[in-house]
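Some notes on the structure that comes next.
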Amino acid sequence: MKTIRKHGELLALFLFSFAFFFVFKYGPLYGVIIAFKEFRVVDGIWGSPWVGFQHFQELFSNSDFYRLLKNTLLLNLYLLLCAFPAPIILALLLNEVKSKGFQRFIQTTMYLPHFVSWVIMSGLVIYFLSPTSGFVADIMKWFGMEPIFFMGKKEYFRPIVVGSAILKDLGWSSIIYFAALAGINPEMHESAIIDGANRWQRIININIPSILPTVSIMFILTLGGFLSANFEQIINLLNPVTYDTGDVIDTYVYRVGLQQFQYSYTAAIGLFKSLVGLLLILGANLTVRKLSRGENGLW
């Protein structure tokens, strides 16, 4: 009781967080059982008949599933290779800017796209890439090139998704790395300067090793959602022409689950994604801990 009275404010903050996760995250978990039932709205979750692993068998025997899985994996792989390191590089570069006013201006400017919804952002992307009135088409015409209908060619869809994702969240995602860089002891840089280290050597030997724990945690958390694409982004950029390369698991779940009312089948898909995400988190955490000799990782 003495501890509770001493840390009452922290306990209150914890209780609010606990209540949120319990009500909105852990409480609804019982609904996962519909993946093993033939869910009927009139019968409810408990009254619907059991079908075992029928929906999982249907999922893995579906010819579209492997196309969806391939698109999802490739898209998330491109995002991992391009979008994940981008905010790290931005934070490292801006951290070397001497003018604090210019640094704040760039940061504020790059934060703004994060607060724009994907409906508006996707509309801007489609407008800028328009072959008739788009900004990109005007540049191509100025160089004597023939404009390309980017949104009408499936081979351009993934680069467009990756590029727009970087443009929207680059500044916002870099905040945590700026905070990690701000926590570096200035005496380390002062000692390195005395020893004759240039700016590049200090970045390689001080800044990057100092933020590696933060990078490893963000990498592990990113892998947890590896089978989850940004649904709002994809659904607003997707069109029938780009289905072959842009149709992912989340858009398929939307069409089949919400539009065709196959709740049990899509619940099985969601459970499959969650299990894969859990395995990726466990594997990535184990790998990071081994590489860092137990110094980094989520636990």
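The values are calculated or read from the model by the stated rules, or taken from the named source; none is laboratory data. None of these values were measured; they are calculated from a predicted model. Please note: Cβ atoms are built from the backbone with ideal geometry, for glycine as well, and neighbour counts cover all protein chains shown.
Things to note:
- Answer residue from segment 134-155, given it is touching a residue at least 60 places away in the same chain (Cβ under 8 Å) and not in a loop (DSSP other than H, G, I, E, B) and is surrounded by the fewest Cβ atoms within 10 Å (Cβ to Cβ) among those: Glu155
- The residues listed here are Leu69, Leu124, Leu79; of these, the one that is assigned to a helix (DSSP H, G or I) and within 30 Å of Ile208 (Cβ to Cβ) is Leu79.
- Residue match in segment 46-53 (condition: in a helix (DSSP H, G or I) and on the phi > 0 side of the Ramachandran plot): no
- Restricting the first member to segment 55-79 and to residues that are more than 15 Å from Thr266 (Cβ to Cβ), and the second to residues that are among the charged types (D, E, K, R) and part of a loop (DSSP other than H, G, I, E, B), the beta-carbon pairs closer than 7 Å and six or more apart or on different chains are Asn71/Asp247.
- Qualifying residue in segment 160-177 (condition: aliphatic (A, V, I, L, M), within 26 Å of Ser292 (Cβ to Cβ) and surrounded by fewer than 18 Cβ atoms within 10 Å (Cβ to Cβ)): yes
- The listed residue being over 30 Å from Ala179 (Cβ atoms) and small (Gly, Ala, Ser), out of Ser292, Ser264, Ser228, Ser274: Ser264
- Test: residue in segment 120-137 that is among the aromatic types (Phe, Trp, Tyr), farther than 27 Å from Val241 by Cα and out of contact with any helix residue (DSSP H, G or I) (no Cβ under 7 Å at 6 or more places or on another chain): no
Results for (1) of a type outside the set (Phe, Trp, Tyr); (2) part of a helix (DSSP H, G or I); (3) in contact with a His (Cβ under 8 Å, 6 or more places away or on another chain); (4) modelled with pLDDT of 85 or more, shown as yes or no for each residue.
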site	(1), (2), (3), (4)
Leu227	yes, no, no, no
Thr245	yes, yes, no, yes
Tyr265	no, yes, yes, yes
Val276	yes, yes, no, yes
Ile281	yes, yes, no, yes
Gly294	yes, no, no, no
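- Of all residues in segment 169-197, exactly one satisfies the criterion of being among the charged types (D, E, K, R) and in a loop (DSSP other than H, G, I, E, B), namely Asp195.
- Set Val215, Val288: member being crowded, with 17+ Cβ neighbours inside 10 Å, at pLDDT below 85 and in a helix (DSSP H, G or I): Val288
- Qualifying residues in segment 1-45 (those that are over 34 Å from the mean Cα position of the chain (by Cα) and in a helix (DSSP H, G or I)) - the one farthest from Ile269 (Cα to Cα): Lys2
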